[in-house]
Amino acid sequence: GWGKPGWWGPASSSSGKSGKSGSSTSGWSSSGKSGKSKGSKSKGSKAKSAKGKGGHWGWSDSSSDGWKPSSSSWSSSSGKSGKSGSSSSGGGWYGKNDDDWSGGHSSNNKPSKPEDDDWFGGWEGGHSSSSKPQPVSAPTHPTGWKDDGWDADEYYKADISGIRQECNAMIEASERELLPKFLRMVFHDCVGSACDGCINLDNIDNRGLLEPIEGIYPLVKKYGGKLSRADIWAICAIEAASMAVPGDGHHFPLHFIGRKNCADADDMGIGGEDHAMCGNDLTNHEMLQFFKDNFGMHDPREVVVIMGVHSASTANRDNSGFGNIGLEDGWVENAEEYILSNKYFKTMKNFVWELQKVENTYPVPNRHQWYFDPIDNGPIMTNSDMSLLYNFEGYIQADKHGDEGLVMCLTHPDAEFEIEGVDGEDIPLCPLAESTKEFVDMYADDNDLFIKDFGPAMNKILNWGYHTYD
């Protein structure tokens, strides 16, 4: 029997008004909104009715050979759902497409589709013939991993293309300011057990993410019929990353479809579990452990390459506590161009970085950040960024006010140490981070290699919780 339109389910028989049949005594129908047919009423015996959502109508003739898929099996009636005429041939129909026929008769000819698109047919019990249609599983659509991506898939391509185009237009209309915000949104979404289309805005590290969540919500409503909110967020992030690569037509493919939305957020995706984000004062070991625990990244190279997304990002002092007041400074010079490149690694390597204390307004905590151009208020780095090049193990502590992130070593012999209340004499050089420094050097020397490696690393994050890598 039918559990709801389009699905076979167990028949729960009981008497009811819907599903009156013609001359057949073995017909079956379920009560529900679907199953209407147009025409005049015809007399007949009441058939059994099933409880459940949706409806369908089905019957068989009184002869011994069961279902007869032919156009004569459909006779019209009006009124309550499932009323039939007195045709002596059996048949069944569901769905709105010709491919939706699920009959089980030996004949290959399906009955003509009723004119009323609300019609759903089915069959249950009461017939002696062994040729009754077999239950079929619910219509399903492909999900999972695709090596060549889902963009060309016949079922999804129109929606994926539409989402990409509309996200692209939104980013351009914002003068590209939404580009890093969409990227940040999905990275924060995926922290935890899986990418689930939910952001808990009570977490201080998620400040500033309301704008991209609200911005993409019209797309969630428009394309939510086939794709989850989490999938739509991922597609928009993939498009943002593609737009960040200089030149025309760069395309990061979407390799996975089938993410699930969390159950405890609103329709926009605000809510869900409060996950601890990647800290700003992590040592090299702690950085690698975070990406291993949260994204399944066991290779230090993957961690290094994904951190390169900061080349296309800016730091808003009011949200993160980093950067400079009133300015959208980032991790590289001209960060407001939002270009994904190896400048992040070149900047980290090639400048003399010094530590400074940044005092913020509650609830944003005070920070310690690295800078190299205090006069022009240029690029900054967090301790977690710099830990890809330097090993701060044993050198990070809280300052005298209890503010975290004070690093008691220098990253360059020419650097000065000017932290209030701390004697800058005899401050040692920071040791190098041997596990990741080689990859910082490698990507600093080869932008093409960085772009090539970035796509798989980003997809690994966006597929977190769903796809297992060998």
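The values are calculated or read from the model by the stated rules, or taken from the named source; none is laboratory data. Just so we're clear, the structure is a prediction, and the values are computed from it rather than from any experiment. Ideal geometry is used to build each Cβ from the backbone, glycine not excepted, and the neighbour counts take in all protein chains shown. Side chains are part of the model used for accessible areas, which takes the heavy atoms of the whole protein and leaves out ligands, DNA and RNA. Shrake-Rupley method; radii C 1.70, N 1.55, O 1.52, S 1.80 Å.
I'm trying to understand the selection: among the residues of segment 299-323, which are open to solvent by 20 Å² or more (accessible area, probe 1.4 Å), at pLDDT below 95 and either more than 25 Å from ASN459 (Cβ to Cβ) or part of a loop (DSSP other than H, G, I, E, B) (or both)?
If the condition is that a residue be open to solvent by 20 Å² or more (accessible area, probe 1.4 Å), at pLDDT below 95 and either more than 25 Å from ASN459 (Cβ to Cβ) or part of a loop (DSSP other than H, G, I, E, B) (or both), then ASN316, ARG317, ASP318, ASN319, SER320 are the ones that fit.
List the residue pairs whose Cβ atoms are under 9 Å apart, where the first residue sits in segment 245-274 and is closer than 19 Å to PRO218 by Cα, the second is open to solvent by 70 Å² or more (accessible area, probe 1.4 Å) and among the basic types (Lys, Arg), and the two are 6 or more positions apart or on different chains.
Close Cβ pairs satisfying both conditions: ASP267/LYS221.
Given the conditions (1) at negative phi; (2) under 14 Å from the mean Cα position of the chain (by Cα); (3) surrounded by 15 or more Cβ atoms within 10 Å (Cβ to Cβ), and given that GLY197 satisfies all but one, which numbered condition is not satisfied?
Exception for GLY197: condition (1).
What do you reckon, is LEU282 aliphatic (A, V, I, L, M), more than 19 Å from GLY192 (Cα to Cα), open to solvent by less than 60 Å² (accessible area, probe 1.4 Å) and not in a strand (DSSP E or B)?
Judged against the criteria, LEU282 is not a match.
If we scan segment 257-265, do we find a residue that is of a type in the set (Lys, Arg) and part of a helix (DSSP H, G or I)?
No, the conditions are met nowhere in segment 257-265.
Quick one: is VAL332 within 22 Å of ASP441 (Cα to Cα) and in contact with a Lys or Arg (Cβ under 6 Å, 6 or more places away or on another chain)? I'd like the intermediate steps shown before the answer.
Values: within 22 Å of ASP441 (Cα to Cα): yes; in contact with a Lys or Arg (Cβ under 6 Å, 6 or more places away or on another chain): yes.
Yes, satisfied.
What's the number of the condition ASP196 fails, among (1) at pLDDT 95 or above; (2) outside any loop (DSSP other than H, G, I, E, B); (3) more than 17 Å from ALA240 (Cα to Cα)?
Of the numbered conditions (1) at pLDDT 95 or above; (2) outside any loop (DSSP other than H, G, I, E, B); (3) more than 17 Å from ALA240 (Cα to Cα), the odd one out for ASP196 is (2).
Please work out which one of (1) crowded, with 20+ Cβ neighbours inside 10 Å; (2) touching a helix residue (DSSP H, G or I) at 6+ places or on another chain (Cβ under 8 Å) is the condition ILE396 fails and give its number.
Unmet for ILE396, out of (1) crowded, with 20+ Cβ neighbours inside 10 Å; (2) touching a helix residue (DSSP H, G or I) at 6+ places or on another chain (Cβ under 8 Å): (1).
Under the condition of being in contact (Cβ under 8 Å) with a residue 24 or more places away in the chain and among the hydroxyl-bearing types (Ser, Thr, Tyr), which residue from segment 137-173 is surrounded by the most Cβ atoms within 10 Å (Cβ to Cβ)?
Ranking the qualifying residues of segment 137-173, first place goes to TYR156.
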